[in-house]
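Structure first, commentary second.
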Amino acid sequence: MNKGHFFSFEGIDGSGKSTQASLLANSLRNRGLHVVLTKEPGGTALGKELRRLLLEEHPKPLPLAELLLFHADRAQHIEEVITPALTADHIVICDRYIDSTYAYQGGGRGHDTDTISQLNYIAANGVMPYRTYLLDVPLLEGFRRSVRRGDTLTHFDLESHTFHNAVRTCFLSRAAHPDHLRRIRTIDGCGPLEDIATLILHDALAIIGNSPWEE
């Protein structure tokens, strides 16, 4: 199967990941490349309904139900959007993916990583990004940015400082793990937006030019 290039963006809310994902997509499209910009949860019609249940509806799901719903979203997303795009040799840019599950449901909610890994194995069907950009900012900075944007509060926004600190710590821990050093690139999200976008673009173009899926 011919494969395109798969990039994901991760980070706490307010880290700038969504902005940078959009900037990269636009820059690559301006170069004539076919880009699919998507997100989790909510990258499909079913995913939009699951996103509403996961983030907005009350009462919020129990932790185990939440974990399973995120994987249901991923299974649909993989089958309906990501795999077809990669098979067509397109570029996929995803705003949140597997690392968010480990960070929020593992680090934040305390689910066992082995359980998450088993569910991911089933839902993602082995599809992983070649590069993940982890935009990292202090918790207070992320919160300030979210407030300035006037974002609608989700179930996760209302969690404690301890929860969000555990999420950020898990992101950074995964990025530093030897198994992920090649894939995850941690970027200081407090730097100038244009400088971050340029750094990411140059890295992505190098990957695309080197045809990493052929390694």
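Data overview
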| read-out | value |
| --- | --- |
| Qualifying residue in the stretch 178-196 (condition: surrounded by fewer than 19 Cβ atoms within 10 Å (Cβ to Cβ), over 26 Å from Ile78 (Cα atoms) and within 17 Å of the chain's Cα centre (by Cα)) | yes |
| Any chance Gly108 is buried (at least 16 other Cβ atoms within 10 Å of the Cβ) and over 29 Å from Leu201 (Cα atoms) | yes |
| Top-ranked residue of the stretch 38-56 - restricted to ones that are closer than 19 Å to Lys17 by Cβ and of a type outside the set (D, E, K, R), ranked as surrounded by the fewest Cβ atoms within 10 Å (Cβ to Cβ) | Leu55 |
| Selection from the stretch 111-137 of residues that are outside any helix (DSSP H, G or I), within 23 Å of His164 (Cα to Cα) and free of Cβ contacts under 8 Å to residues at least 12 places away in the same chain | Asp112 |
| Extreme residue, surrounded by the most Cβ atoms within 10 Å (Cβ to Cβ), among residues of the stretch 74-105 that are of a type in the set (Phe, Trp, Tyr) and in a helix (DSSP H, G or I) | Tyr104 |
| Matching residues in the stretch 143-190 - criterion: being of a type in the set (Lys, Arg), assigned to a loop (DSSP other than H, G, I, E, B) and touching a strand residue (DSSP E or B) at 6+ places or on another chain (Cβ under 8 Å) | Arg183 |
| Residue within the stretch 141-159 that is in contact with a helix residue (DSSP H, G or I) (Cβ under 7 Å, 6 or more places away or on another chain), in contact (Cβ under 8 Å) with a residue 12 or more places away in the chain and farther than 17 Å from Leu55 by Cα present | no |
| Odd one out for Gly43 among (1) modelled with pLDDT of 95 or more; (2) of a type outside the set (A, V, I, L, M); (3) touching a Phe, Trp or Tyr at 6+ places or on another chain (Cβ under 9 Å) | (3) |
| Given (1) surrounded by 19 or more Cβ atoms within 10 Å (Cβ to Cβ); (2) under 21 Å from Thr115 (Cβ atoms), index of the condition Val35 fails | (2) |
| Neighbours by Cβ (under 9 Å, 6+ apart or cross-chain): first from the stretch 92-103, in contact (Cβ under 8 Å) with a residue 12 or more places away in the chain and under 24 Å from Ser27 (Cα atoms); second hydroxyl-bearing (Ser, Thr, Tyr) and not in a strand (DSSP E or B) | Ile93/Ser22; Asp95/Ser18; Asp95/Ser22; Arg96/Ser18 |
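The values are calculated or read from the model by the stated rules, or taken from the named source; none is laboratory data. All of these numbers come straight from a predicted model, not from anything done at the bench. Glycine gets a Cβ as well: all are built from the backbone with ideal geometry, and neighbour counts include every protein chain shown.
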